[in-house]
1. Order of Trp58, Trp40 from fewest to most other C-beta atoms within 10 Å?
2. What is the order of Ser65, Ser51, fewest Cβ neighbours within 10 Å to most?
3. For Lys64, give me every one of the lysines with a C-alpha distance below 18 angstrom, ignoring sequence neighbours fewer than eight places off in its own chain.
Amino acid sequence: MQSIFAWSHGNQKLDGPDSEEIVKHLKEIDLIIVHNAPKWPLDKINKIDLSILRCAFWELLYQKSTPPKVIIDEAIELAKQFGTESSPGFVNGVIGTAVKQIPIEITNES
């Protein structure tokens, strides 16, 4: 998340293959965020929240090595730790809305 946050502030260096993969899929990930947070243009979303959402959606859609419930819980905890007072609810709301519309098996514990 830290590398994606730094990248969103103009740092051209991405640390690690995960960050490179997230940026590679950024167009698709950002479309999901925009669609599920229609009142919030990407440039108006808190950069921490946006970084958390980008990482979470990449894990949910492309990495798939961690159970979805764990990814969602981790995203909310990161929002609590690093975001604003409203960040956990916002992150939870965007992810919660999205998982109802995209093929992610939330009950999958494998």
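1. Trp40, Trp58
2. Ser65, Ser51
3. Lys24, Lys100
Read the figures in this text as sums done on the coordinates, not as results from a lab. Quick caveat: nothing in here was measured; it's all calculated off a predicted structure. Note that each Cβ is placed from the backbone with ideal geometry, even for glycine, and that neighbours are counted across all protein chains shown.
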